[in-house]
Structure formats: structure tokens, C-alpha cells
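To keep things clear, I will list the structure first and then write my remarks on it.
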């Protein structure tokens, strides 16, 4: 198994920088190396996404003891929320104890976590607080609570258990639209990484605004996460 040696690494659709960003891996996330190349190598992430990543940022994976509760900056590296580190890496990068939690500690609310990222920029293919896309945002939140869900919104929609209506919806459910997903907070509110605000923001689905009406027109389903990959 392998990991990256920097905070965040892009997985591209082709072995070139100009190709589309499929997704990202953060520091400490392990992946399979399928084919090593000079400039780019083909890998497969834990959520089964294949893509090309720069070869010079790949290194061998080491067992992890902690996950980062908050962003940490060190002269050698910038580590986003959800990174995984060993005890040695935590010491090397001088990460304070209040930013670290045990990898086995999954006692967190996805809704509470989500509110800390309001204003984070929208980034196609992004899975970190340097920039999220809609499905990368909800996936990262759930992963921090120990639940692995698929990477893209279509697969997430199929993976979740359908909730009949908003009267039955609970905070933490996922709300699916055509090509989009958000995290339900309750009382008609949803937090999501979106192109409309170009950031992570909270919107009410029933406030009568033009945007809420547009979302209602492309609404597909409410999904409840009941299992992990």
C-alpha cells in the first residue's frame, strides 16, 4: 500500500496535468499502486476510484494512529482535516494534541462537523478543505465518522436507503438532485459545496427563493446512510 508525501494529491483522468481532476487523496489515505510511470502513476483509491497521480509524491504507506480534527500548517507540509498520521509523523510535524483524535474515535456528528467548513471554496473533484465538490464534501464528513461511502453523487444515491419524504428526513441524511448532493441539517436546511455560491454554504430548500425552486425542479431523492463500503 502507498500514500502521498504532501497534504493533498490530485487524481487525474489521464497522465497529464491538463486532464480532468477525478478526485483527491489526502495525507495518510492509503491506495493501491497499479502502474508506476515516470511522471504520473495509475492508482486506485480506497473508494475504488482509479486515476493518475504525480509519481514524485508517492511513498510507502505507514500505519496511522491519529486523524486530524483540524487543519495544521508546518513549514514542510499543510495537512487538511481528515488527514491520517502516525505517532512519528505527529511528532515530526509538531501537531498539537488538540488537533488529533484516535483513528478509532468515530463519535462525531456529520452535521456538527459540516458547519466548520462554511465558506470553503468549491473545487471540482475536491475532497479537502482546500476545496470541496458536493460529493467529496459529504464523503469526507462521513469518512471522519468511520463510514466510507462512494465518491460520486450518483453512486452515493444508489448506495443510500431511500427516505419517503422530508417529514421523515433526519439530520445527516443526504439530499440528491440531478448531478448534485447535499447534507440535510433539518428544518428544510441543507449544507452543500455548490457552484451557485462557489463555496460550502447552507440553503433552505423551501424558502421560496429562485435557487430553492431550481433545486426542487431537479430533486431526485433523500437518502440515508445505513452502511459502509
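The single residue among 43, 57, 4 that is over 25 Å from residue 142 (Cα atoms) and surrounded by 15 or more Cβ atoms within 10 Å (Cβ to Cβ) turns out to be 57. For beta carbons closer than 6 Å, sequence separation of 6+ or different chains, a first residue in region 104-130 that is in the same structural domain as residue 45 (by TED's automatic domain parsing) and a second that is at pLDDT below 95, there are no qualifying pairs. Within region 34-47, restricting attention to residues that are closer than 16 Å to residue 21 by Cα and touching a residue at least 60 places away in the same chain (Cβ under 8 Å), the residue that is nearest to the chain's Cα centre (by Cα) is 47. Comparison of 204, 214, 194 shows that the only residue that is surrounded by 18 or more Cβ atoms within 10 Å (Cβ to Cβ) and at pLDDT 95 or above is 194. Of the residues making up region 154-174, those that are touching a strand residue (DSSP E or B) at 6+ places or on another chain (Cβ under 8 Å) and closer than 23 Å to residue 106 by Cβ are 156, 159, 160, 161, 163, 169, 170, 171, 172, 173, 174. When the test is whether a residue is modelled with pLDDT of 95 or more, in contact with a helix residue (DSSP H, G or I) (Cβ under 8 Å, 6 or more places away or on another chain) and under 17 Å from residue 5 (Cβ atoms), residue 90 does not pass it.
Looking at the structure I just gave you, is residue 142 touching a residue at least 12 places away in the same chain (Cβ under 8 Å), touching a strand residue (DSSP E or B) at 6+ places or on another chain (Cβ under 6 Å) and under 30 Å from residue 29 (Cα atoms)?
no
The values are calculated or read from the model by the stated rules, or taken from the named source; none is laboratory data. A quick note: this is a predicted structure, and the numbers were derived from the prediction, not measured. All Cβ positions, glycine included, derive from the backbone under ideal geometry; neighbour counts span all protein chains shown.
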